[in-house]
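Here the structure is laid out as structure tokens; the discussion comes afterwards.
The values are calculated or read from the model by the stated rules, or taken from the named source; none is laboratory data. Note that the coordinates shown come from a computational prediction; the quantities given were computed from them, not determined experimentally. All Cβ positions, even for glycine, are placed from backbone atoms using ideal geometry, and neighbour counts span all protein chains on display. Please note that ligands, DNA and RNA were not included when accessible areas were found on the heavy atoms of the full protein model with its side chains. Shrake-Rupley method; radii C 1.70, N 1.55, O 1.52, S 1.80 Å.
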Amino acid sequence: MKDKLDNKSQEMSGKAKEAAGRATDDERLEAEGRTDQMGADLKQAGEKVKDVFKR
């Protein structure tokens, strides 16, 4: 459960970074936010796979 919350937190942080980068025309920050979101998405997919095998 903690992993899922951490992943969601990382995803939300990434969205905030991306929005801040877009608002300030900071391409690096915007890209970093997208990268954080992709990492969180991959971790969430891994958690779903683990859940399937726990059944």
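What is the spin-label model distance, in nm, from residue 26 to residue 41 if the labels are put 7 Å beyond Cα along the C-beta direction?
According to this spin-label approximation, the distance is 2.3 nm.
With the cut-off at 17 Å, report for the chain the share of all Cα pairs above it, as a whole percent.
When every Cα pair of the chain is considered, 41 percent fall beyond 17 Å.
Accessible area per residue for the chain in Å², computed with a 1.4 Å probe and the full protein assembly in place, what is it?
Spelled out: the 1.4 Å probe surface of the chain, per residue, equals 77 Å².
Could you name the aspartates and glutamates in cross-link range of residue 4, using Cα to Cα under 18 Å and dropping any fewer than eight places away on the same chain?
Hits, sequence-local ones excluded: 36, 41, 47, 51.
Report, to the nearest whole %, how much of the accessible area of the chain belongs to carbon and sulfur atoms, 1.4 Å probe, protein only.
58 percent
Residue-wise, which Karplus ³J(HN,Hα) couplings in Hz belong to segment 35-51, taking 6.51 cos²θ - 1.76 cosθ + 1.60, θ = phi - 60°, and x for glycine or proline?
Along segment 35-51, the couplings run 5, 4, 5, 5, x, 5, 4, 5, 5, 5, 5, x, 5, 5, 5, 4, 4 Hz.
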